[in-house]
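The next block holds one structure in the form of structure tokens; read it before the comments.
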Amino acid sequence: MNLSNLNPQQQAAVKYIDGPLLVLAGAGSGKTRVITQKIAYLIQTCGIKPGHITAVTFTNKAAREMKGRVGEILGKKDSKGLIVSTFHNLGLRILRKHHAKLGYKDGFSIFDATDSLSLIKGLYAHDSSSNVDDAESARWKISAWKNDFIAPQQAIATADNDNDMRFAMLYERYQRQLKAYNAFDFDDLILQPVVLFEQHQDALQYWQNRMHYLLVDEYQDTNASQYQLVKLLLGVNARLTAVGDDDQSVYSWRGARPENLALLQEDYGNLKLIKLEQNYRSAGRILKCANQLIKNNPHTFEKQLWSDLGYGDPIRIIECGSADGEAERVSVEISTHKFQKRSKFSDYVILYRGNFQSRVFEKYLRELQIPYVVSGGVSFFERTEVKDVMAYLRLLSNQDDDTAFLRIINTPRREIGASTLEKLGEYATHRGISLFAACYEFGLQERLNERAINKLQGFADWINRLADQANGTDGVAVARSMVLELGYEDWLKDQSSDLAIAERRMENVNEVLDWLTRLAKNGKGESLSELVAHMTLMDILERNNEEQQTDAVYLMTFHAAKGLEFPYVYMVGVEEEILPHRTSVMEDSLEEERRLTYVGITRAQKELTMTHAAKRRRYGEDVDCEPSRFLSELPEDDIVWEGGGRKLDEETNKIRGRAHLDSLKDMLA
Ligand code: ATP
Ligand code: MG
């Protein structure tokens, strides 16, 4: 196999297969390329079957890109069976195969954060001593325990204050409740496979036999549970290639442990370490900025990084008057810049700290008719209508999913009142069965009148009939007729202030169904429940990019940008309180914010612009904002400051306008 498109260190990393390998290197040094090439090498040169290779990446988007690239090298046919997925998807795969061993039934549901929260609130309702307001803190705490691979009993045993004890007890009930619902939450997708492997040697054997080689990208962001999962899957042979960069660890709030890089060295005495030092992504100046900034963090591993791509243009830091001024400035610049450089919209990315920052940019981009894609943010799945259909689909595949049941039992209205549901709930809890099952119980007659029972059973009969059909034949077709039969479109029309809104919402519903059809066609699952589980793990951007790549400006958070690269990068809102984020300053996690800034800077290939606003509206008031402290850590000689708020904005716009005209003349000449 031809490895000439790799440097000697990269080649060494690809060819080394005698033991566990860690590739540790800074941004843009070709770590991900090593993984991609190594997959091809393992198949083509080492003769390992694609089905025996698993690569784990951080996002679905990254997974898809990697699969695409491997496909290009090998041809689609030759990579058949290869698993490239996120940790969560891998966990889902494992649970799908072996959930029965954990006492779960077929058709289990997956709970997202909102579902988990409402489950916790439900538990609170039965417990008068607890305060409903801290349900969200409880959810975070439980999630943190799961990420740290701490079981409920352990949490209870080690709690050293009242609050932790309360949450630990709640954790235990939460976990029992999830199981009663036949549901896993997001964190379970990693945690439960580990539990499975610890308890069931045969299941572990199955997966170890299947995985002859494991590759993990963005290794610095694995949490304790993920580390355990990797370790178990590897077994004694430890055929692993992990690549990572401790300076890009930005998920400590989700339990990521950059120490896991060092832990590998302890756990595997024969670990080979390879460092890469050439950056192939960014102009010299951009790289210099990144290097200088990150020097301010302490380091376990020393790294160097150089680039011979030319020094490039100065980094621009622009002060804008307000949030609107900032969004307008960036949008106008992108429009003229694109025109001058004859570039594509997709060459540009706008990066920000929090999803809430995207809205004002969307406004101006839309005004200038610049196509854009917002990654993450208010996910498709957070829309009411999408949550509704998903709940119907979930109930269709898992009747014990009480959260789904409660969401839709009265959507559209079926005249089943709150008190009926309360009594049903009490009865179900008393009997230790799901709400759905309780609808058919004889004992219910003592608590509810006949009319109420008829309504409940009417609904349950309908779901049962559809579920039977879905089992028998084409699940997706049944899902479609379910949406028709339940009269959801009319319900939307009733609920929306005008028809156009109702239609748009119905389009989202149809989009869910179309997507389901596509997934089925692409073999992403055999039963409806498998398809539904798969969908829960994806988000809107990925959905859009599934088939065709659109030419649009990308908007995303620094977190979401990890691993990606763009010719022209705009980092916006580079201010105190935003980057570094206010809570990080309070919690003393500045180092992580600096790493986040490092991730942002190193996304840029050719040009980097950072903006900040002099004033921003907070709680209805204009407050003064200060430029981020990180800006003062950049090399002064490589930066031009453009400032002065709105007034200068107009001036530069004029200059830009002239440049725009010039290039127009150019083009016509
Ligand atoms: P990050 O830390 O941001 O994830 P990375 O180390 O994974 O970055 P890659 O994304 O693999 O880096 O590579 C960065 C860019 O450099 C890509 O465009 C890639 O195609 C290119 N590249 C990698 N290795 C080489 C090489 N040996 N020769 C030329 N280009 C390369
Ligand atoms: Mg990478």
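Within region 23-52, the residues that satisfy the criterion of being of a type in the set (S, T, N, Q) and either assigned to a strand (DSSP E or B) or within 7 Å of ligand 1 (Cβ to nearest atom) (or both) are SER29, THR32. The residues of region 1-21 that are of a type outside the set (D, E, K, R), assigned to a loop (DSSP other than H, G, I, E, B) and either at positive phi or more than 13 Å from ligand 1 (Cβ to nearest atom) (or both), listed by number, are MET1, TYR16, ILE17, GLY19, PRO20.
Checking the structure you have, find out if any residue of region 57-64 is outside any helix (DSSP H, G or I) and away from ligand 1 (no atom under 16 Å from the Cβ). Looking through region 57-64, none of the residues is outside any helix (DSSP H, G or I) and away from ligand 1 (no atom under 16 Å from the Cβ). Can you say whether ARG359 is under 30 Å from ARG616 (Cβ atoms), in contact (Cβ under 8 Å) with a residue 24 or more places away in the chain, under 28 Å from the mean Cα position of the chain (by Cα) and surrounded by fewer than 23 Cβ atoms within 10 Å (Cβ to Cβ), as far as the supplied structure shows? The answer is no for ARG359. The set of residues in region 478-527 that are surrounded by 14 or more Cβ atoms within 10 Å (Cβ to Cβ) and small (Gly, Ala, Ser) comprises ALA479, SER496, ALA502, ALA520, GLY525, SER527. For region 600-615, the set of residues classified as within 14 Å of ligand 1 (Cβ to nearest atom) and surrounded by 24 or more Cβ atoms within 10 Å (Cβ to Cβ) consists of GLY600, ILE601, THR602, ARG603, ALA604, listed by residue number.
Residue count for region 71-80 under the criterion of being assigned to a helix (DSSP H, G or I) and more than 13 Å from ligand 1 (Cβ to nearest atom): the result is 6. Of the residues making up region 169-176, at least one is more than 21 Å from PRO193 (Cα to Cα), out of contact with any Pro (no Cβ under 7 Å at 6 or more places or on another chain) and outside the structural domain of GLN201 (by TED's automatic domain parsing).
Residue check: MET1 meets all listed conditions (1) modelled with pLDDT of 95 or more; (2) in contact with a Phe, Trp or Tyr (Cβ under 7 Å, 6 or more places away or on another chain); (3) over 30 Å from GLY525 (Cβ atoms) but one, namely (1). Within region 199-220, the set of residues being touching a Ser or Thr at 6+ places or on another chain (Cβ under 6 Å) and within 16 Å of ligand 2 (Cβ to nearest atom) comprises LEU215, ASP217, GLN220.
Each row is one residue, and each column tells you yes or no for (1) aliphatic (A, V, I, L, M); (2) more than 16 Å from ligand 1 (Cβ to nearest atom).
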| site | (1), (2) |
| --- | --- |
| TYR227 | no, yes |
| LEU232 | yes, yes |
| ALA242 | yes, no |
| LEU271 | yes, yes |
| THR300 | no, yes |
| ILE315 | yes, yes |
| ALA323 | yes, yes |
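Residues are listed down the side, and each one gets a yes or a no for (1) modelled with pLDDT of 95 or more; (2) part of a helix (DSSP H, G or I); (3) in the same structural domain as LYS606 (by TED's automatic domain parsing):
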residue	(1), (2), (3)
GLU333	yes, yes, yes
HIS337	yes, yes, yes
GLN340	no, yes, yes
SER343	yes, no, yes
ILE350	yes, no, yes
VAL360	no, yes, yes
LEU365	no, yes, yes
LYS387	no, yes, no
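The residues on offer are LEU204, LEU229, and the sole one that is among the aliphatic types (A, V, I, L, M), without any contact (Cβ under 8 Å) to a residue 60 or more places away in the chain, under 24 Å from ALA100 (Cβ atoms) and assigned by TED's automatic domain parsing to the domain that holds ILE39 is LEU204. Beta carbons closer than 6 Å, at least 6 apart along the sequence or on distinct chains, pair a first residue in region 63-82 that is in the same structural domain as LEU42 (by TED's automatic domain parsing) and within 16 Å of GLY30 (Cα to Cα) with a second that is assigned to a helix (DSSP H, G or I) and modelled with pLDDT of 85 or more for MET66/THR36; ARG69/THR36; VAL70/THR36; VAL70/ILE39; VAL70/ALA40. Regarding region 174-192, can at least one residue be identified that is among the polar types (S, T, N, Q) and within 16 Å of ligand 2 (Cβ to nearest atom)? Within region 174-192, not a single residue is among the polar types (S, T, N, Q) and within 16 Å of ligand 2 (Cβ to nearest atom). Within the bounds of region 88-111, is there any residue that is touching a residue at least 40 places away in the same chain (Cβ under 8 Å), within 15 Å of ligand 1 (Cβ to nearest atom) and not hydrophobic (A, V, I, L, M, F, W, C)? No, because not a single residue in region 88-111 is touching a residue at least 40 places away in the same chain (Cβ under 8 Å), within 15 Å of ligand 1 (Cβ to nearest atom) and not hydrophobic (A, V, I, L, M, F, W, C).
For region 369-384, the set of residues classified as farther than 19 Å from SER116 by Cα and either part of a helix (DSSP H, G or I) or among the β-branched types (Val, Ile, Thr) (or both) consists of ILE370, VAL373, VAL374, listed by residue number. If you go through region 567-593 and keep only what is surrounded by fewer than 23 Cβ atoms within 10 Å (Cβ to Cβ) and within 16 Å of ligand 1 (Cβ to nearest atom), you end up with PRO567, TYR568. Filtered by the rule that a residue be over 18 Å from VAL478 (Cα atoms), more than 24 Å from the chain's Cα centre (by Cα) and assigned to a loop (DSSP other than H, G, I, E, B), region 496-527 gives SER496, SER497, ASP498.
Taking the conditions exactly as written (surrounded by 20 or more Cβ atoms within 10 Å (Cβ to Cβ), in contact (Cβ under 8 Å) with a residue 24 or more places away in the chain, over 27 Å from GLY255 (Cα atoms) and more than 10 Å from ligand 1 (Cβ to nearest atom)), does SER85 satisfy them or not? No. Among the residues of region 43-57, are any closer than 22 Å to GLU565 by Cα, within 16 Å of ligand 2 (Cβ to nearest atom), buried (at least 20 other Cβ atoms within 10 Å of the Cβ) and at pLDDT 95 or above? Yes, the conditions are met somewhere in region 43-57. Taking region 132-196 as the region of interest, the helices (runs of 4 or more DSSP H) fully inside it that hold 2 or more residues being farther than 30 Å from HIS534 by Cα and of a type in the set (D, E, K, R) are 162-180. Within the option set ASN270, ASN297, being in the same structural domain as ARG594 (by TED's automatic domain parsing) and either away from ligand 2 (no atom under 16 Å from the Cβ) or among the small types (Gly, Ala, Ser) (or both) holds for one residue only, ASN297. Is it fair to say ARG329 is over 19 Å from LYS562 (Cβ atoms) and crowded, with 21+ Cβ neighbours inside 10 Å? Considered against the rule, which asks whether it is over 19 Å from LYS562 (Cβ atoms) and crowded, with 21+ Cβ neighbours inside 10 Å, ARG329 comes out as yes.
Pairs linking a residue in region 487-510 that is outside the structural domain of LYS387 (by TED's automatic domain parsing) to a residue that is at pLDDT below 85 and not in a helix (DSSP H, G or I), with Cβ atoms under 6 Å and 6 or more positions apart or on different chains, do not occur. Set side by side, the residues TYR181, TYR213 differ, and just one is among the aromatic types (Phe, Trp, Tyr), over 30 Å from SER589 (Cα atoms) and surrounded by fewer than 21 Cβ atoms within 10 Å (Cβ to Cβ), which is TYR213.
Exactly one residue out of GLY28, GLY75, GLY71 is of a type outside the set (Lys, Arg) and touching a helix residue (DSSP H, G or I) at 6+ places or on another chain (Cβ under 7 Å): that is GLY71.
The values are calculated or read from the model by the stated rules, or taken from the named source; none is laboratory data. As the structure is a computational prediction, the values presented were derived from the model and not from experiment. FYI the Cβ positions are ideal-geometry reconstructions off the backbone, even for glycines, and counts take in every protein chain you see.
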